[in-house]
Amino acid sequence: MTDRLTAEQKIREQAVLLDVVPDAIFVRDINDIITMWSKGAELMYGWSSEEAIGVTSPKLIGTGEPNDFHIAKKTLLTKGSWSGEFRQKTKDGRLLLVHSRWKLLQNFANQPNSILVVNSDITEKKNLESQLFRAQRLESIGTLAKWDRS
């Protein structure tokens, strides 16, 4: 097998891997225009690749607080990566809380040219944590009230 065929096979395998990962994986250019949109992104947000590619990610899925997005991007451009949480929206208007990881990608001249984004939906996890915290707090209040009556 030639080097070219081996490289093409590797690219096809990696593309298949992207399609089976449940996280939203996409690439946006340095101006935040989406250039690649995975099956996981389609499932999480509801927009097809055809609908997402060519649109800026802040316009399509939102960024929570606009200032948060600008701070995250500044950190990315300075450090080469960024990780944090954003509130985003789906095509049908649902709000999600996502853990977002960004990696700055460079061209052959070592100039930043795109951003790899991996978003995990943590909405349900955060809701369960909040419910657990509330239940623990109520239990503590009940224990204190019982102790106070003794």
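The values are calculated or read from the model by the stated rules, or taken from the named source; none is laboratory data. Just so it is clear, the model here is predicted, and its values are computed rather than measured. Cβ atoms come from the backbone with ideal geometry, glycine included; neighbour counts cover every protein chain shown.
Checked against (1) of a type in the set (Phe, Trp, Tyr); (2) modelled with pLDDT of 95 or more; (3) not in a strand (DSSP E or B), Phe108 meets all criteria but (2). Assessment of the stretch 69-86 against the conditions (under 15 Å from the mean Cα position of the chain (by Cα), surrounded by fewer than 16 Cβ atoms within 10 Å (Cβ to Cβ) and farther than 17 Å from Asp121 by Cβ) yields at least one matching residue. Scanning the stretch 33-79 for residues that are polar (S, T, N, Q) and either outside any helix (DSSP H, G or I) or touching a Cys at 6+ places or on another chain (Cβ under 7 Å) (or both) turns up Thr35, Ser38, Ser48, Thr56, Thr63. Which ones in the stretch 74-127 are among the small types (Gly, Ala, Ser), in contact with an Asp or Glu (Cβ under 8 Å, 6 or more places away or on another chain) and farther than 20 Å from Asp29 by Cα? Correct list: Ser120 only. For the stretch 26-43, the candidate set comprises residues that are surrounded by 21 or more Cβ atoms within 10 Å (Cβ to Cβ) and not polar (S, T, N, Q); within that set, the residue that is farthest from Gly93 (Cα to Cα) is Arg28.
Among the residues of the stretch 32-57, what is the count of those that are among the β-branched types (Val, Ile, Thr) and under 14 Å from the mean Cα position of the chain (by Cα)? Selection size over the stretch 32-57: 1.
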